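This report refers to the structure that appears directly beneath it.
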Amino acid sequence: MTGDRAGDYRILHEAALRDYLADVPDLVALLGAEPVSWSITEVGDGNLNLVFIVRGDRGGVAVKQALPYVRLVGESWPLPLSRAHYEYLALSRQAELAPGLVPALLHHDEKLALTVMELLEPHVIMRKGLVAATHYPRFVDDITTFMARTLFFTSDLARSAAEKKQAIAAFAGNHALCKITEDLIFTDPYRIAEQNRWTAPYLDGLAASLRDDMDLHVAISRLKLKFMASPEALLHGDLHTGSIMVTGSQTRVIDPEFAFYGPMGFDVGAVLANLLMAYFASAGHERMPGERAAFEGWLLETVEAVWTEFSRKFLDLWRAGAAGDAYPASLFTGAQGAARLEAERQAYMQRLFADTVGFAAAKTIRRIFGLAHNIDFELIEDPRKRAISEARAVRLARAMMVATGTFPAIADVTGAARKLRDWQPDFATA
Ligand code: SR1
Ligand code: MG
């Protein structure tokens, strides 16, 4: 379904969903033969869709149905149902490339924009766990495997030119979701926009300064162009900590409805930005000074490890023998060719790191001044404390965006974050 077939579509609430699932033999076998006894609970707390947990006496499933509008805003903001198609396509591809790191797909209905997936239990949304100061020891290895494999194997380094162009075309229709990103991340926070909001009155001055900051406007516009015009690889497209479910021993990446071919740094930057926001928010969740220090240390170690492990795994895949049409092996023969190709790989990763730093900054600023915020900051009840945490994050993000070159390595990012941990913003002059 790449167009929308509104005639065949209906929103399935509890009773209709029960009847629908009862007609799918594989799901009945999984849930148990008595549909009347199934419990069905709507649990969606995201911005766009309905999500149900269905449990029977034999097992449970998660059901996701796209609504024809943005749930967060309502029917006044229509949104194509076709995003469910792209999400299904992306999940299928990610399952091939990064087995075990996305939920198993059990059923998909194009007309109803509905997908049934493995119920992830006892996994929690990572963002919620980070608010509660929980460490996740598997996270670095799993998320870096996911990113290295999905980005490398969908890029020109691993695919023929024809395959790559067909793959770009397969996701090109997801432009309405890209447009959300183009507006909400790369444009609105830097201008007056009806849906913007921030922690007033503390951040009023900072919000106004963003609107006048031409260095920032140039930097965000360069990033926007890169997002729009660099189909490097199949992106998840919304890889924040609300799109990751975790336990101490497992990681699953969910919700790739924003998937499209874009710049790799957008996904990697999303992960780093959300870890850094968890870091800055942490001070606002303290009940006793220093009680979350070990957790905050783990967060910064995790930021460093995500980049270094991602980079190592991506380079290992490339060195293992890339089958793509980029960098033809026939042009890099002999010892000199091998040395020059290795230098190129290093230069490629340095460029990708700069993109990552810029996109991480953009992902941070949008969560503080745009429409869609995150619970890392929102659950800090005292608005002044919340604004202090947010102002620290924005200070780092602005530097990362306009002076990206002063962050040549990931330790430069974590070092700057550490220095801002106790910085006190002056809201009168901010
Ligand atoms: C209107 S949708 C707002 C945000 O929710 C999604 O998770 C994306 O991040 C999007 O930008
Ligand atoms: Mg989502």
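The values are calculated or read from the model by the stated rules, or taken from the named source; none is laboratory data. Here the structure is a predicted model, which means the values were calculated and not measured. Note that each Cβ is placed from the backbone with ideal geometry, even for glycine, and that neighbours are counted across all protein chains shown. Protein only, heavy atoms only, side chains kept; ligands, DNA and RNA dropped before computing areas. Shrake-Rupley method; radii C 1.70, N 1.55, O 1.52, S 1.80 Å.
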Checklist entry - Restricting attention to segment 246-267, which residues are of a type in the set (Phe, Trp, Tyr) and within 16 Å of ligand 2 (Cβ to nearest atom)? => result PHE258, PHE260, PHE266
Checklist entry - Looking at segment 56-89, which of the residues that are under 15 Å from ILE11 (Cβ atoms) and of a type in the set (Gly, Ala, Ser) is surrounded by the fewest Cβ atoms within 10 Å (Cβ to Cβ)? => result GLY74
Next on the checklist: Residue pairs, Cβ under 8 Å, 6 or more apart or interchain, first in segment 234-258 and within 16 Å of VAL268 (Cβ to Cβ) and open to solvent by 10 Å² or more (accessible area, probe 1.4 Å), second within 11 Å of ligand 1 (Cβ to nearest atom) and acidic (Asp, Glu). List them.
Outcome noted: ASP238/ASP255; ASP238/GLU257; PHE258/ASP238
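Within segment 229-258, track down each residue that is assigned to a loop (DSSP other than H, G, I, E, B) and within 12 Å of ligand 1 (Cβ to nearest atom).
Answer for segment 229-258, where residues must be assigned to a loop (DSSP other than H, G, I, E, B) and within 12 Å of ligand 1 (Cβ to nearest atom): HIS236, GLY237, ASP238, LEU239, HIS240, ILE254, ASP255, PRO256, GLU257, PHE258.
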Checklist entry - Among the helices (runs of 4 or more DSSP H) confined wholly to segment 124-198, which include 1 or more residues that are β-branched (Val, Ile, Thr) and out of contact with any strand residue (DSSP E or B) (no Cβ under 8 Å at 6 or more places or on another chain)? => result 126-131, 139-152, 175-184
Next on the checklist: Can you go through SER243, SER230 and tell me which one is more than 21 Å from ARG386 (Cβ to Cβ), within 16 Å of ligand 2 (Cβ to nearest atom), among the polar types (S, T, N, Q) and at pLDDT 95 or above?
Outcome noted: SER243
Checklist entry - In segment 213-226, which residue that is in contact (Cβ under 8 Å) with a residue 60 or more places away in the chain and open to solvent by less than 50 Å² (accessible area, probe 1.4 Å) is farthest from HIS175 (Cα to Cα)? => result ASP213
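Quick grid of which residues meet (1) in contact (Cβ under 8 Å) with a residue 24 or more places away in the chain; (2) within 16 Å of ligand 2 (Cβ to nearest atom); (3) more than 30 Å from ALA229 (Cβ to Cβ):
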site	(1), (2), (3)
SER311	yes, no, no
ALA323	yes, no, no
SER330	no, no, no
PHE353	yes, no, no
THR356	yes, no, no
LEU371	yes, yes, no
ASP382	yes, no, yes
Next on the checklist: Could you check segment 10-60 and list, in sequence order, the residues that are within 30 Å of ASN374 (Cβ to Cβ), more than 16 Å from ligand 1 (Cβ to nearest atom) and in contact with a Lys or Arg (Cβ under 7 Å, 6 or more places away or on another chain)?
Outcome noted: SER39, ILE40
